[in-house]
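What follows is calculated from the coordinates using simple rules that are stated; it is not laboratory data. If you're wondering where the values come from, they're calculated on a predicted model, not measured in any experiment. Counting neighbours? That spans all protein chains shown, and the Cβs are built from the backbone with ideal geometry, glycine included.
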Amino acid sequence: MTTTTTPADTTAPGAGRDTVLDASGVTMRFGGLTAVRDVGLHVRAGEILGLIGPNGAGKTTFFNCLTGLYTPTEGVVRYRGTVLPHRSHLVTQAGIARTFQNIRLFANMTVLENVLVGRHTRTSEGLFSALLRGPRFRRAERESEDRAMDLLRFTGLQDKREHLARNLPYGEQRKLEIARALASEPGLLLLDEPTAGMTAGETTATRELVLAIRQQGTAVLVIEHDMRFIFNLCDRVAVLVQGEKLIEGTPETVQNDERVIAAYLGTPFEGEPGEAEAAEVRAAEAHVHDETQVHDETHPREGDED
C-alpha cells in the first residue's frame, strides 16, 4: 500500500506548534497476524486530529498501543519528546488520557465519584495520610472535589453529581467518561468513537465539547465513523486501511482522495485480507485483552485505572 502524507495547512490551529505526540513505526502483531503495520502519526499542541478507516482497519489497536494497553511489537511512542512506558497508568500520569469505544464507568458510583477517580494520578497523598486524614489530606480532598465540580460544570453534568453513573442517559454517560479523562489534566485526550450510538443533537453537543476542550489547551486525537462529524471538527485527518496509514492531510484532501473513497465503498486493495483473517485478528486481540484483565485482577497495581 502506498502511504501519502499531505502537508497540513499552516494556518490551521496547532500548525507550527510543539509536537505533543510522536508515534513512529508502530507495529502490532498477534502471532503471525499484523493488525497495525509501521504507522507513524504526530499530534501538535492545540490540534484536533481525526483517525478514520473501515471496520477492522486497526484504529483501536493503534490507540491501545499509544496508551500502554498493548506493547507494540515494533515502533516508538513519545509524548512531548519522552518515550512512553508500556503501562497504562504511567501513560496517564505522563499526560495522555483516553475514553473507550465501549463506555467504562463505575456504574454503582456517583457522577462526582467517577470524576474523582480520574484525579488519582494528580494527587500525592498516600495510605498513611488517608488514614490520618490530617489537614494536608483534607485540603487535597477539597481541591480534588473543586476540580471535579469544575469539570462537571464544563460538561453540563453539575446537577447530576449525586446520581449513580448507571442511571445517566447514554449521551451523559459519554460526557462523564470525558470528564473523568479530563480529571487527570492531560495534554492529549484520545477519544474512541465518542459519538457512537448518539442522536444528531447529542453528536452536535459532543462536537462543541471537543472544540471547548481544545480551546482550553488540550490536544485531541479522535477515532470516529461519522464522517460528517470528523470533517467538520478536525484540523487534520489520517486514514488507516488494513492496519497501514493510507493518507494524512486536511479534511478536504482526505475526503476527495480516490483511495479513501474506494476503501469506504468496498473496492478491494491488492492483498486485502478476507473475513476469516480479520476474524483471527479480532480473536487474537480479545485473547490479549482477557489475559491483561486476568493479570490485573491477580496482580493489582497501585494507581491503575479501570
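Once the chain from residue 216 to residue 104 is taken as fully extended at 0.36 nm per residue, the excess over their C-alpha distance is 37.9 nm. Inter-label distance, residue 204 to residue 143: 4.0 nm, where each label sits 7 Å from its Cα along the C-beta direction.
For residue 36, the residues 5 or more places off, or on other chains, whose built amide H falls under 5 Å of its own are 28. Candidate cross-link partners of residue 175 among the lysines, defined by an alpha-carbon separation under 23 Å and a same-chain spacing of 8 or more, comprise 59, 160. Phi angles across region 90-103 convert, under the Karplus curve 6.51 cos²θ - 1.76 cosθ + 1.60 with θ = phi - 60°, into 3J(HN,Hα) values of 6, 5, 4, 5, 5, x, 10, 10, 8, 10, 10, 4, 9, 3 Hz, Gly and Pro given as x. Using a ≥ b ≥ c from the Cα gyration tensor of region 147-213 (square roots of the eigenvalues), is it rounded, prolate or oblate, where a/c under 1.5 gives rounded and otherwise the larger of a/b and b/c decides, a/b for prolate? Note, shape of region 147-213 comes out oblate. Taking the simple approach of a point 7 Å from Cα along Cα-to-Cβ for both residue 252 and residue 87, what is their distance in nm? With each label point 7 Å from Cα toward Cβ, the separation is 4.7 nm.
Protection proxy ranking of 202-214, 179-191, by the mean of other Cβ atoms within 10 Å over each peptide's residues and highest first, is 179-191, 202-214. The distance from the alpha carbon centre of region 140-217 to that of region 67-102 is 21 Å, rounded to a whole number. The label point for residue 73 and the one for residue 225, both projected 7 Å from the Cα toward the Cβ, are 2.6 nm apart. Less than 5 angstrom separates the built amide H of residue 190 from those of 97, 98, 99, 221, all sequence-distant by 5 or more or on a different chain.
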